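First up is the structure itself, then whatever we jot down about it.
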Amino acid sequence: MSETYNIAIDGPAGAGKSTIARAVAAKLGFVYVDTGALYRAMAVCFLRKGISQDDEAQIAAACRDIQIDIRYEDGAQQVFLNGENVTGLIREEEVGKMASASSVYAPVRRKLLNLQRNLAQTANVIMDGRDIGTCVLPDAQTKIYLTASSHVRALRRYRELAEKGLTCNLQEIEQDIIERDYRDMHREIAPLKQAEDAVYVDTSDMTVAQVIDCIIQAARERGLKEN
Ligand code: DC
């Protein structure tokens with residue numbers, strides 16, 4: 001089999017990674033892999049079992065019985081927890097918080113590593129997360145570090161929730177984002193950081209179209225051949 005082309009996108013919560021990665025994947029005919037969804041599916045399991053986010057031993061024990069799978073339906077990623085499609089459950093705030101807290105533990109990260117690497121070996125992927133360029137796919141041909149100020153990210157999240165008719169508080173959202181950033185960047189294993197060879201893209205003052213173009217351009221400069 002010929003070598004696959006991999007694009008790794010890392011960055012903090014709310015930087016726009018999934019919107020951008022999905023659009024780039026559609027333009028290039030790549031598979032989009034949202035790795036946060038995998039950590040979220042594991043978090044669903046821990047929450048259902050009533051495990052505290054600080055209970056490393058119980059989380060490690062629960063990991064032994066967890067099977068996570070990804071499938072694609074009409075091009076959309078579906079995540080399965082022990083055979084159950086949990087895609088509709090993973091966007092809750094509570095699940096995001098548990099995912100961030102539980103992803104600091106080695107057994108949780110180990111559980112997902114091979115799944116992510118296998119996906120990247122079998123297809124051209126654009127994979128987003130926190131440690132893709134630094135740890136999961138260190139040989140990815142293109143690496144992007146996508147970020148925006150915490151204020152801009154909070155505003156985007158606020159507008160998203162407001163559009164859904166949900167009442168929310170901008171200060172609280174920004175505070176949550178700052179806490180999540182801190183935890184993701186300061187954990188011991190595979191913390192969020194820019195890979196040395198990653199292109200730094202601050203999207204605070206960029207349109208979605210500009211960010212998409214910027215990433216495709218970076219990939220072309222790094223050997224991407226389009227059909
Ligand atoms: O991208 P997201 O918000 O769906 O991710 C949820 C949490 O999962 C995030 O706060 C940290 C963790 N995560 C991780 O540790 N490594 C990844 N590659 C992706 C997500």
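If you check every pair at least six apart or on different chains, which have Cβ atoms under 9 Å apart with a residue in the range 108-122 that is small (G, A, S) first and a residue that is within 12 Å of the ligand (Cβ to nearest atom) and not in a helix (DSSP H, G or I) second?
A120/A8; A120/V33; A120/M127; A120/L137
Provide a single number: the residues in the range 104-131 that are under 12 Å from the mean Cα position of the chain (by Cα) and near the ligand (Cβ under 10 Å from one of its atoms). I'd like the intermediate steps shown before the answer.
Residues of the range 104-131 under 12 Å from the mean Cα position of the chain (by Cα): 116, 126-131.
From what's left, near the ligand (Cβ under 10 Å from one of its atoms): 116, 127-131.
Of the residues in the range 104-131, 6 are under 12 Å from the mean Cα position of the chain (by Cα) and near the ligand (Cβ under 10 Å from one of its atoms).
Considering the range 188-227 alone, what residues qualify as being surrounded by 13 or more Cβ atoms within 10 Å (Cβ to Cβ), in a helix (DSSP H, G or I) and of a type in the set (G, A, S)?
A218, A219, listed by residue number.
Return the pairs, sorted by first residue and then second, in which the second residue is in a helix (DSSP H, G or I) and within 13 Å of the ligand (Cβ to nearest atom), the first residue lies in the range 34-52 and is basic (K, R), the beta carbons are less than 6 Å apart, and the residues are 6+ apart or on different chains.
So the pair list comes out as R40/V95; R40/A99.
For the range 152-172, name all the residues that are farther than 18 Å from K17 by Cα and either of a type outside the set (A, V, I, L, M) or part of a helix (DSSP H, G or I) (or both). Steps first, please.
Step one: list which residues in the range 152-172 are farther than 18 Å from K17 by Cα, which gives 162-172.
Correct list: A162, E163, K164, G165, T167, C168, N169, L170, Q171, E172.
The rows are residues; the columns are (1) at pLDDT 95 or above; (2) touching a helix residue (DSSP H, G or I) at 6+ places or on another chain (Cβ under 7 Å); (3) crowded, with 16+ Cβ neighbours inside 10 Å.
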| site | (1), (2), (3) |
| --- | --- |
| R109 | yes, no, yes |
| I126 | yes, yes, yes |
| A140 | yes, yes, yes |
| I144 | yes, yes, yes |
| Y158 | no, yes, yes |
| L166 | no, no, no |
| E174 | yes, yes, yes |
| H186 | yes, no, no |
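Just to be sure, is D74 over 19 Å from E93 (Cβ atoms) and at pLDDT below 95? Please lay out each step first, then the result.
Details: over 19 Å from E93 (Cβ atoms): yes; at pLDDT below 95: yes.
Yes.
Give the number of residues within the range 61-86 that are surrounded by 14 or more Cβ atoms within 10 Å (Cβ to Cβ) and either farther than 30 Å from A26 by Cβ or of a type in the set (A, V, I, L, M) (or both). Can you show your working first?
Filtering the range 61-86 for residues surrounded by 14 or more Cβ atoms within 10 Å (Cβ to Cβ) gives 62-63, 66, 68-70, 77-81, 85-86.
The next check asks that each one be either farther than 30 Å from A26 by Cβ or of a type in the set (A, V, I, L, M) (or both); those that pass are 62-63, 66, 68, 70, 79, 81, 86.
The qualifying residues number 8.
Give the residue, chosen from T207, T167, that is more than 19 Å from the chain's Cα centre (by Cα) and within 17 Å of A15 (Cβ to Cβ).
On the way: T167 fails: within 17 Å of A15 (Cβ to Cβ).
The conditions single out T207.
The values are calculated or read from the model by the stated rules, or taken from the named source; none is laboratory data. Because the structure is predicted, anything quoted here is derived from the model rather than measured. Note: ideal-geometry Cβ built from the backbone for every residue, glycine included; neighbour counts use all protein chains shown.
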